[in-house]
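Undergrad: Please read through the structure below; I'll follow up with questions.
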Number of protein chains: 2
Amino acid sequence: MEDFVVLKNKYEKIKSENRKFDMSRGKPALAQLDTVNDILTAITKGEDCVSSGVDCRNYGGVDGIPQIKALFAEILQMEEKEIIISGNSSLNIMFDTVARAMMFGTVEGEKPWIHSGKISFLCPVPGYDRHFAISEAFGINMINVPYKSDGPDMDFIEKAVAEDESIKGMWCVPKYSNPTGITYSDDVVRRFATLKPKARDFRVFWDNAYVVHDLFDGGETLLNVFEEAKKYGNEDMFYIFVSTSKISFPGSGLAAFASSKKNIEHALSKIKIQTIGPDKINQLRHAKLYPDVKAVIAQMEKHAEIIRPKFNAVLSAFEKELSGIEGVWWSKPKGGYFISLNLPHGKAKKAVALAKDAGLVLTPAGASFPYGIDPDDTNIRIAPTYPSLPELEQALDLLCTVVKLVCNEAYKD
Amino acid sequence: MEDFVVLKNKYEKIKSENRKFDMSRGKPALAQLDTVNDILTAITKGEDCVSSGVDCRNYGGVDGIPQIKALFAEILQMEEKEIIISGNSSLNIMFDTVARAMMFGTVEGEKPWIHSGKISFLCPVPGYDRHFAISEAFGINMINVPYKSDGPDMDFIEKAVAEDESIKGMWCVPKYSNPTGITYSDDVVRRFATLKPKARDFRVFWDNAYVVHDLFDGGETLLNVFEEAKKYGNEDMFYIFVSTSKISFPGSGLAAFASSKKNIEHALSKIKIQTIGPDKINQLRHAKLYPDVKAVIAQMEKHAEIIRPKFNAVLSAFEKELSGIEGVWWSKPKGGYFISLNLPHGKAKKAVALAKDAGLVLTPAGASFPYGIDPDDTNIRIAPTYPSLPELEQALDLLCTVVKLVCNEAYKD
């Protein structure tokens, strides 16, 4: 273990340099955005806006244009009729999907959740803070589910949903999970597909945010949960979400909701009342730039070329600086936007606070847990995509110094 | 009165020609859309996407970019901080605003409407079918409010809201009301601003859909209800909605929600959880094309040049063909998208059905009333903007024939 005084001095020196780094959110870097700029000129004339006999400039098309449905169908390996296209934010669809279940029930004949007493959601932890914020806003009780190396603990989940009728939902990021980087194994996906929940209106919110977001070794393959579920007549149990936020522009993309015929019909019966429809011209722009999944994969490779060196920088720095420190370990994901760094118990908050004092903003410790509480105070979400590589390397130098500092036996609060 | 047999023969002849006309929705015509095409090339380069230090291609900006807030503030004569910018559909904001009140209450400390027992909305009739559809979806009891020549019956409204605590809301289209074409008089607006509702969480849904949609004689002026309400500390009572749907493209526009500081804060506290934000690049496109309200007015004059001859065609045809038929009268609006045609009691449904049989789709009779029921069966909403002028003239020939037919004393079902 390095000398505590040396570490302390190094930390104070960095702090005195008044640097500013932001590794708090999974934001694409400027260079990534530049690879998408062609979308700005994909549609330039009025006549380009007419597609399949529909003038996309005008009203209509509440569920999306056929080409984009086809694209998402190809990405998700589902059918076009199982898909509703929406505006810029898949989070918005998730919130609205919870809101619909709360107010109108999941399908015709089911009670609105708001009249069903206590509602609970299973939350694999660490997970995506914005999922948990939705549950919290609706007063939904959140139950932490531990992760195993190949996905959330299925023994725990099977037992919980079978016994507890208050469990109406579950949040999942099944591929390159935010922030663990884990992709659910085939076995885990099959066990999801065959769940036997006590609550008939239990729904899995399957947020496939990183479906094509591979970085290393050709990426990992996620089994098609919907296809599996269909084998057991369980397809109504899955709400599937996907977006172009980290494919095209986060600030001007498309999102989609995919589910069973019954769920889609019920959702559309309300969405038709809720909106005149999403931006169809932006759908056309995407259809022009990404006529098929091959074009999407080519786009993702451009992103990967920019992101890979950053992930490598993090992994190298951790390997070099943090290996061998007891209780310190991290994920080595093959895709996605995050690396999950784990410290010994009770150390994460301190590390994040020290980093902040010296100019490095990290995702707040605990943010990846329901109610913002990491019960062990061990997890830090590392989001390396936004800073430039030189900035990232400086930030990592600070981060590793901080981690070594708080893990040093001489460290006192 | 014309000879019944002559009318009948004319109707049958038109019917036999198998024509197809659609005057069912307030849709802009193709020629109008073409006047907006420059928006497609307003933003073509990555560097154009950076504005006020924000890269609009990336995440952030859940409440809208400053330029668009400023534009809507100018249009509504309100302050930028009183405005939230959203995506393509103002209806979506209205639905979500009702949903928020249902689930979270109107402001901190107020009970969610869903826990307040019976909820009623006042609905001036005839009105906008999609407003009523939202109320119906949420199980809100709708109370018809009659129109006077200068707006809804304020005696009725003042009494109703003062006495009935279940009345939590009211739908209004205060300028060129859909479909009456009425603009609320200054007196009506002032009486709105000074309402003393029994329910503290009563809200007026002030859908200013036609705020800049003047057609004749420079248009009509609507008093600023928000400014009036502020004089009486009543500003929390108003939810104001506006959109570019009939300014730029209905299929790719912007919508905004405007209200008091307290209401905006409460709305944003939920919207921040609901969405990562609307399409900011489309906001930039609008800002580029419409840097100020002058540019918007210039755009509206282009629309008006196309719409005016169509409104004139309707008014001339009605004047020529329907004048003097007892119980038949129509609105002569100075703007908006609709002309309201009124027939003698019990005649509207028959007329709409006969028109449909002969190939002219009109808005279904009753659609402009809560639950789709026009208690007198008198009102037909005429939407003349979408057909071309020659098509419109043929459609009007059919429509006037049908009206004369059902109003003829010899007509039997």
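Undergrad: Between copies, how close do the A:ARG19 label points come, placed 7 Å along Cα→Cβ, listed in nm from shortest?
TA: Those label-point separations list as 7.6 nm.
Undergrad: Compute the label-point distances linking B:GLU136 to its equivalents in the other copies; points lie 7 Å from Cα along Cα→Cβ; give nm, one decimal, shortest first.
TA: 3.9
Undergrad: From zero outward in steps of 5 Å, how is the percent of C-alpha pairs of segment A:3-74 spread across the bins?
TA: With a bin width of 5 Å, the distribution comes to 3, 10, 11, 11, 12, 10, 8, 5, 5, 4, 6, 6, 5, 3, 0.
Undergrad: Cα-based Rg of segment A:303-412 per 2.2 N^0.38 Å, rounded to two decimals?
TA: Against the empirical 2.2 N^0.38 Å value, I get 1.01 for segment A:303-412.
Undergrad: Same structure, new question: Under 14 Å from a point placed 7 Å out from the Cα of B:ASP153 along the Cα-to-Cβ direction: which residues of segment B:363-379 have their backbone N that close?
TA: In segment B:363-379, the label zone of B:ASP153 (backbone N under 14 Å from the point 7 Å along Cα→Cβ) covers B:375-376.
Undergrad: Less than 14 Å Cβ to Cβ from B:ASN312, Lys/Arg counted +1 and Asp/Glu -1: what total charge do the surrounding residues give?
TA: +1
Undergrad: Which percent of the accessible area of the protein assembly as shown is formed by carbon and sulfur heavy atoms (probe 1.4 angstrom)?
TA: 51 percent
Undergrad: Order A:THR41, A:THR363 by their accessible area, 1.4 angstrom probe, all chains in place, largest first.
TA: Largest accessible area first, the residues go A:THR41, A:THR363.
Undergrad: Taking the Cα of A:PHE216, stepping 7 Å toward and past its beta carbon, and measuring to each backbone N in segment A:358-398: which are under 13 Å?
TA: From segment A:358-398, the list is empty.
Undergrad: Taking the simple approach of a point 7 Å from Cα along Cα-to-Cβ for both A:GLU17 and A:HIS345, what is their distance in nm?
TA: 3.6 nm
Undergrad: Okay, next question. Once the other residues with Cβ under 10 Å from the Cβ of B:GLN394 are scored (Lys, Arg +1; Asp, Glu -1), what is the net sum?
TA: In short, -3.
Undergrad: Using only Cα atoms, figure out Rg for segment B:24-170 and give it as a multiple of 2.2 N^0.38 Å.
TA: Taking the Cα Rg and dividing by 2.2 N^0.38 Å, one obtains 1.36.
Undergrad: Are there residues in segment B:224-266 whose accessible area shrinks by at least 10 Å² when all protein chains are included rather than the chain by itself, and which are they (probe 1.4 Å, ligands and nucleic acids not counted)?
TA: Hits at the 10 Å² cut-off: B:SER245, B:LYS246, B:PHE249, B:PRO250, B:GLY251, B:SER252.
Undergrad: Now for a different question. Evaluated at 25 °C with a viscosity of 0.890 mPa s, what Stokes-Einstein diffusion coefficient in µm²/s does the protein assembly as shown have when Rh comes from the Kirkwood expression over alpha-carbon pairs?
TA: 85 µm²/s
Undergrad: Could you pull out the pairs from A:LYS118/A:LYS148; A:LYS45/B:LYS294; A:LYS332/B:LYS270; B:LYS231/B:LYS310 whose alpha carbons sit more than 30 Å apart here?
TA: A:LYS332/B:LYS270; B:LYS231/B:LYS310
Undergrad: What is the minimum Cβ-to-axis distance for chain B, in whole Å, where the axis maps B onto A, and to which residue does it belong?
TA: B:GLY87, 2
Undergrad: Using Cα pairs under 8 angstrom and six or more residues apart, how large is the relative contact order of segment A:353-413, in percent?
TA: The normalised contact order for segment A:353-413 reaches 30 percent.
Undergrad: Name the residue farthest towards the positive end of the dipole of chain B from the options B:GLN299, B:ILE68, B:THR97, assuming +1 on Cβ of Lys and Arg, -1 on Cβ of Asp and Glu, about the Cα centre.
TA: B:THR97
Undergrad: Right, here's the next one. Assigning unit charges at the beta carbon (Lys, Arg +1; Asp, Glu -1) and nothing else, what dipole magnitude in debye, to the nearest 20, does the protein assembly as shown show about its Cα centre?
TA: Using only the charged Cβ atoms, the result is roughly 180 debye.
Undergrad: Which residue, B:HIS115, B:HIS131, B:HIS266, has the most motion in a Gaussian network model of chain B that connects Cα atoms within less than 10 Å?
TA: B:HIS115
Undergrad: Magnitude of the Cβ-charge dipole of segment B:252-295, K/R +1 and D/E -1, about the Cα centre, nearest 20 debye?
TA: Here the size comes out at about 60 debye.
Undergrad: Could you run the numbers on buried accessible area between B and A, total for both chains, 1.4 angstrom probe, in Å² to the nearest 100?
TA: The buried area between B and A, both sides summed, comes to about 4500 Å².
Undergrad: Evaluate peptide B:40-51: per residue, the Cβ atoms of other protein chains within 10 Å of its Cβ; return the mean as an integer.
TA: Shielding by partners across B:40-51 averages 4.
Undergrad: Follow-up. Between A:ALA209, A:ALA353, A:ALA365, where does the largest GNM mean-square fluctuation fall for chain A, given springs only between Cα atoms within less than 10 Å?
TA: A:ALA353
Undergrad: Additional query: Grab the beta carbon distance between B:LEU30 and A:ARG200, set R0 = 56 Å, and tell me the FRET efficiency rounded to 0.05.
TA: 0.70
Undergrad: So for segment B:150-223, considering every pair of alpha-carbon atoms, how many percent are separated by more than 20 Å?
TA: Looking at segment B:150-223, the distances longer than 20 Å represent 31 percent of pairs.
Undergrad: Still on this structure: Quick check on chain B: take the gyration tensor over C-alpha atoms, sort the square-rooted eigenvalues as a ≥ b ≥ c, and tell me if it's rounded (a/c under 1.5), prolate or oblate.
TA: Judged from the Cα gyration tensor, chain B comes out oblate (a/c at least 1.5, b/c at or above a/b).
Undergrad: Rounded, prolate or oblate, given the Cα gyration tensor of segment A:211-297, with a/c below 1.5 counting as rounded?
TA: Oblate, since a/c reaches 1.5 and b/c is not below a/b.
Undergrad: List the distances, in nm and shortest first, from the label point of B:GLU163 to the matching label points in every other copy, placing each point 7 Å from Cα along the Cα-to-Cβ direction.
TA: List, nearest first: 5.7 nm.
Undergrad: So, one more: Among A:SER166, A:PHE241, B:ASN58, whose Cα sits farthest toward the positive end of the charge dipole of the protein assembly as shown (+1 at Cβ of Lys/Arg, -1 at Cβ of Asp/Glu, about the Cα centre)?
TA: The one lying farthest along the dipole's positive direction is A:SER166.
Undergrad: How large is ³J(HN,Hα), in whole Hz, for each residue of segment A:140-149 in order, when computed from phi with the Karplus curve 6.51 cos²θ - 1.76 cosθ + 1.60 and θ = phi - 60°, using x for Gly and Pro?
TA: Using θ = phi - 60°, the values come out as 7, 5, 9, 10, 5, 10, x, 8, 10, 5 Hz.
Undergrad: Quick one: compute the contact order of segment A:220-326, relative version, from alpha carbon pairs under 8 angstrom and 6+ residues apart, as a percent.
TA: Worked out over segment A:220-326, it gives 17 percent.
Undergrad: Same structure again: Considering only protein heavy atoms, what per residue accessible area in square angstrom results for chain A with a 1.4 angstrom probe?
TA: So chain A comes to 38 Å² accessible per residue, rounded to a whole number.
Undergrad: In Å, the Kirkwood hydrodynamic radius of segment A:106-212 over pairs of distinct alpha carbons?
TA: By the Kirkwood definition, the hydrodynamic radius is 14.1 Å.
Undergrad: If you don't mind, there's one more thing I want to ask. I want to check the label-to-label distance for B:ARG308 and B:LYS118. Put each point 7 Å from Cα in the C-beta direction and report it in nm to one decimal.
TA: Once both label points are built, they end up 5.0 nm from each other.
Undergrad: Is segment B:315-363 rounded, prolate or oblate when judged by the Cα gyration tensor, a ≥ b ≥ c being the square roots of its eigenvalues, rounded requiring a/c under 1.5 and prolate requiring a/b larger than b/c?
TA: Judged from the Cα gyration tensor, segment B:315-363 comes out oblate (a/c at least 1.5, b/c at or above a/b).
Undergrad: For an R0 of 41 angstrom, estimate the FRET efficiency from the Cβ-Cβ distance between B:LYS231 and B:VAL361 and round to the nearest 0.05.
TA: 0.35
Undergrad: Of the options A:LEU222, A:VAL145, B:ALA133, report the single residue whose Cα projects farthest towards the positive end of the charge dipole of the protein assembly as shown (beta-carbon charges: Lys, Arg +1; Asp, Glu -1).
TA: About the Cα centre, the residue reaching furthest to the positive side is A:VAL145.
The values are calculated or read from the model by the stated rules, or taken from the named source; none is laboratory data. Quick caveat, the model's predicted, so the values are computed rather than measured. Cβ coordinates were reconstructed from backbone atoms using ideal geometry, including for glycine residues, and neighbour counts include every protein chain displayed. Accessible surface is based on the protein model in full, side chains and every heavy atom, while ligands, DNA and RNA are left aside. Shrake-Rupley method; radii C 1.70, N 1.55, O 1.52, S 1.80 Å.
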